[in-house]
1. Less than 16 Å from a label point 7 Å out along the Cα-to-Cβ axis of residue 376: which backbone N atoms in segment 346-361 qualify, by residue?
2. Could you tell me how far the Cα centroid of segment 456-495 sits from the Cα centroid of segment 135-191, in Å?
3. Using the Cα centre of the chain as origin and beta-carbon charges of +1 (Lys, Arg) and -1 (Asp, Glu), tell me which of 295, 114, 340 is placed farthest towards the positive end of the dipole.
4. Which residues' amide hydrogens lie under 5 Å from the amide hydrogen of residue 529, considering only partners 5 or more residues apart or on another chain, with H built in the peptide plane?
5. Across bins of 10 angstrom width beginning at 0, how are the C-alpha pair distances of segment 299-402 distributed, in whole percent?
6. State the antiparallel share, in %, of DSSP beta bridges confined to segment 35-216, rounding to the nearest 5.
7. If one computes the Cα centroid of segment 364-425 and of segment 265-318, what distance in Å separates the two points?
8. What percent does the relative contact order of the chain come to when contacts are Cα pairs within less than 8 Å and at least six residues apart?
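The numbers here are math on the coordinates, done by the rules we state, and not lab data. Here the structure is a predicted model, which means the values were calculated and not measured. When we count neighbours, we look across all protein chains shown, and the Cβ atoms used for this are built from the backbone with ideal geometry, even at glycine.
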Amino acid sequence: MALFKSQSIDPNRDLQRQILQKEREYKEGLNTLKDLIAPAAFRVGQNTVEISGKFARSFFVLAYPRFVSVDWLSPIINMDAEMDMAQFIYPMSTDEIMKKLKSQVGRIEASMRISQEKGNVRDPMMQTAFQDVESLRDKLQQGTERYFRFSIYFTVYAGDLKELDQLSSTLESLLGSKLIIAKPAVLQMEQGFNSTLPLGNDELAIAANMNTEPLSTTFPFVSSELTSNDGILYGINRHNNSLILFDRFQMENANSVVFAKSGSGKSYAVKLEILRSLMLGADVIAIDPENEYKHLSDSVGGSFLNISLNSDSRVNPFDLPRGIEGETNEDVLRAAVVSLLGLMNLMLGKLDPTEEAIMDRALWETYAKKDITANSNFNNIEPPIMQDLVEILSGMVGGESLAQRLTKYTQGTFSGIFNQPTNINLNNQLAVFSVRDLEDTLRPIAIYVILNYIWNVVRSSLKKRILVIDEAWWMMQHDDSAKFLFGMAKRARKYYLGVTTITQDVTDFLQSPYGKPIVTNSSIQLLLKQSPAAVDLIAKTFFLTEGEKYLLLESDVGEGIFFAGIKHVAIKIIASYMEDQIITTDPKRALEIEEAKKELQAQQTQAVTGE
């Protein structure tokens, strides 16, 4: 009876089996996460795999040198390439390792003794191996070290086989420079690819023995440091929260460029640098197109010079520099005439060769009219003004048309602004030239004249200075002004000058023939949040990775990438409360500050009246 029961069919169990079978069939028809992330196509070759049109190649590290540096993975991680890296660490039993090391020591000692009995010369390789094993045994016994099996794999990706071969060669070269031998996983590309997926599967199983000390050098989360003992605080390193301290004047040149979209904090960052540079004794000159630097100038007691048709501040474009060491008067005059020719191309439109020849002769005669020649003493001269040039042109054959076109700057709508002697000076530590109230057509001309005046002052006396040119894309719209700006950036180092170029119109700036040379002649570059339309050009110019492009697109205000020479880090610009009150560019904040000032003044007046 019992035997018959054991062989009977349980109807409940059969029903459960049917239910499980139906559930299995149902799940097979569902889309899982693997189905969603799986590539559309996957082809395995001898030394490559192709995933949805992209090629990949996997590598494993086969051998290591006796010593490895702490940051040996840094150049691999910072490669400008798509790459996956996987590390597998397998702890091993200390007792088991101690037994194996004991046997190893015995074999080495026996070999050394036999060699010594034969009278052979001491083998330094064997002696070193003996010392290494004994040292490791001591550390394992003391518990200061542990023993592991360690595997590390890399998979690099490229759009075509040629690019993949180049990346593979670069990877092997970088590792080879550290005496680390890496090999492609030939005939095991699928296993290599699977091993570098974020699944934790080690399908290659190619490992090396490592104790704790060398294993610690494989820590993959390495980041760049950009800190020195001198200089000012630019911001916080977003990789590791360290300080970015830097002195721009210790670089090969002190120039910098700042690229960012409107409202991303570029003027805020530059004003913060100005404020901190003033505290270290540097003189600062700024060209301000929107009166953003007025509050800063007033707060530190600087000079704020408004250049406009209704202003009393005037700059004469015919001024000559003073006391330039190593240059003759003829060199000074020739440089002034070349600069004025560029100015005439801005004021009158591009001159044809005939007009340029006439203008060149007229400029020389204009200086001669004031007895300014190669034999003159430039310390006691009265420079000509624009009206003198018009008079010279009016009396020259072929110059009448040029004279007539210049009259709007001497007698017409724009008269006065460039037709009077200079009545300003740059004796203050901070000098700001405001061009906000100028017409758009006059603004590039005024900036050119101001820069020429500043350049003459800079060349006349050697001093640590920073020149800030905000919205520099105005200068890049015309070849002559762009060329002049590039010349300043190229020669600034000789006169202890650092030129800071700021622009939000990145496309116009970089597409100018002088835009990229200005960038390459700037040791410091600051990239803040970018617009999608400009980020590809920025990435191409600065060789950014896809991750860095994404960072610039998604950064908050005051965040970006800071370049100093060949190093660059992600930066967050932070100011103290007092600095923020001085340099803020937020209109709402600025209005609140002004209202607070008025309220304070009213309280002070009331207190005095009450007394």
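1. Residues 361 fall inside that zone.
2. Segment 135-191 and segment 456-495 have Cα centres separated by 49 Å.
3. 114
4. Residues meeting the criterion, in which the H sits 1.01 Å from N, are 261, 558, 559.
5. Percent of pairs per bin, in order: 13, 40, 31, 13, 3, 0.
6. Values: 30 of 30 bridges.
Expressed as a percentage, antiparallel bridges in segment 35-216 total about 100.
7. For segment 364-425 versus segment 265-318, the Cα centre distance is 29 Å.
8. Values: 927 pairs, mean separation 100.1, N = 611.
Across the chain, relative contact order equals 16 percent.
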